[in-house]
1. Residue check, residue 70 against (1) more than 12 Å from the ligand (Cβ to nearest atom); (2) under 25 Å from residue 188 (Cα atoms); (3) part of a helix (DSSP H, G or I), all met but one. Which one?
2. State the number of residues belonging to region 290-308 that are surrounded by 16 or more Cβ atoms within 10 Å (Cβ to Cβ) and of a type outside the set (S, T, N, Q).
3. Quick one: in region 154-176, of everything that is farther than 17 Å from residue 114 by Cβ, under 20 Å from the mean Cα position of the chain (by Cα) and not β-branched (Val, Ile, Thr), which residue is surrounded by the most Cβ atoms within 10 Å (Cβ to Cβ)?
4. Working only within region 150-174, note down all residues that are of a type in the set (A, V, I, L, M) and part of a strand (DSSP E or B).
5. Would you mind telling me which numbered condition in (1) part of a helix (DSSP H, G or I); (2) among the polar types (S, T, N, Q); (3) closer than 24 Å to residue 214 by Cα residue 320 fails?
6. Evaluate the following for residue 107: is it free of Cβ contacts under 8 Å to residues at least 40 places away in the same chain, more than 16 Å from the ligand (Cβ to nearest atom) and in the same structural domain as residue 227 (by TED's automatic domain parsing)?
7. If you check residue 257 against the conditions, is it away from the ligand (no atom under 16 Å from the Cβ), in the same structural domain as residue 81 (by TED's automatic domain parsing) and either buried (at least 17 other Cβ atoms within 10 Å of the Cβ) or not acidic (Asp, Glu) (or both)?
8. Return the residues of region 322-350 that are farther than 22 Å from residue 27 by Cβ and of a type in the set (Lys, Arg); say none if nothing qualifies.
Amino acid sequence: MKFNKHLKNINNYEAGKPIELVVREFGIKEDEVIKLASNENPNGVSKKALQALNKSINFANLYPDDSMFELKNSLSKKYNILDKNIIIGSGSDQIIEFIIHAKTNQNQGILVSKTTFAMYEIYAKHSDTKIFKTPSGIHNLNEFTKIYQENKDKISVIFLCVPNNPLGECLDAKDVYEFIKNTDEDTLIVIDGAYNEFAAFKDENKKINPKIISEFKNAIYLGTFSKLYGLGGMRVGYGIANENIISNLAKLRAPFNITTPSLAAAIAVLEDEDYIYHSLNNNLIEMKKFEEFAVKNGIKFIPSYTNFITFVLEKQDSTQICNSLLKKGIILRDLKSYNMNAIRITIGLKKQNEIVLKHLKELL
Ligand SMILES: *Cc1c(COP(=O)(O)O)cnc(C)c1O
């Protein structure tokens, strides 16, 4: 059977390996597997979210509230915005998809940094559209400006990942606002804040204010419940922008795209201040240990504003290292699919990190 030609160029996203795979292939007990590959919250599910989840199951026979009134209400209070400034997606991934479908076509594509979240490019390929990349892996706004100015008629969406996955670096908020100011009203600037809470906790200058983003005519802020909020399995993300952008993206949203338990868990975790603070604080403390390890052992790394750190290898091969660790029940993220000889490690709990660093010391 023939399919649309452009499907040939699409490679699926390489997800972090699941725990079950290590259990099956290497006979390691499930509770001994250390999974630090997908930047999930190592503290487990928030107790408040868990309670809400349990309760919500009783309503599984009913369709979810498609207006998502309560979650929008919580988010609008948190960010001092209005309901009409919010769209909810099945992960912020889904909102990236809406954006690509709403704004790109064969003549107008996207601009991204060379090494950034793979889904921007994958969704762009769904639309068979143009993909411009800056020469640098990390975000360099001068390069973004230059390519944008030279190709304005061919670029309708620019993605800034603040901070950037998988490298960990982070633009200053004021530079992001300044950049948006100097773009055309018709170019949508996407500020992906999947890890912005971690960056803001470390350095106030990195904190993007979604309300400010929503006051621009041509920008949208993306947030997710999958990272800091520990709900990756529930698939909830959100976009914040002016009403014009939100109402147009909403045309692409199918009804009931978020399940009742997912909505309930997201609402509850926003109120779990202890869980949030503990998660941020543990991350900051434990991150230092990885940095110290790298300095001590002569490993290159980019100072990270996220909940992961990326070690750039010089002598060893990242795939070999990741495979050796896998046999020991440790799942890390090999960055070969990003054309880098590097390993991305999610910052885990103290105990997990000690085991990972012990094994890394032996291998590196
Ligand atoms: C994880 C991640 C997302 C979205 O994750 P969802 O689980 O779909 O909400 C978006 N952007 C970046 C950079 C991410 O790392």
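1. All conditions are met except number (2).
2. 8
3. Only one residue tops the list, namely 173.
4. 155, 157, 158, 160
5. Here residue 320 clears every test but (3).
6. No; evaluated as a whole, the condition is false for this residue.
7. no
8. 333, 336, 344, 350
The values are calculated or read from the model by the stated rules, or taken from the named source; none is laboratory data. Predicted model, so just to flag it, every value in this text is computed and none were measured. Counting neighbours? That spans all protein chains shown, and the Cβs are built from the backbone with ideal geometry, glycine included.
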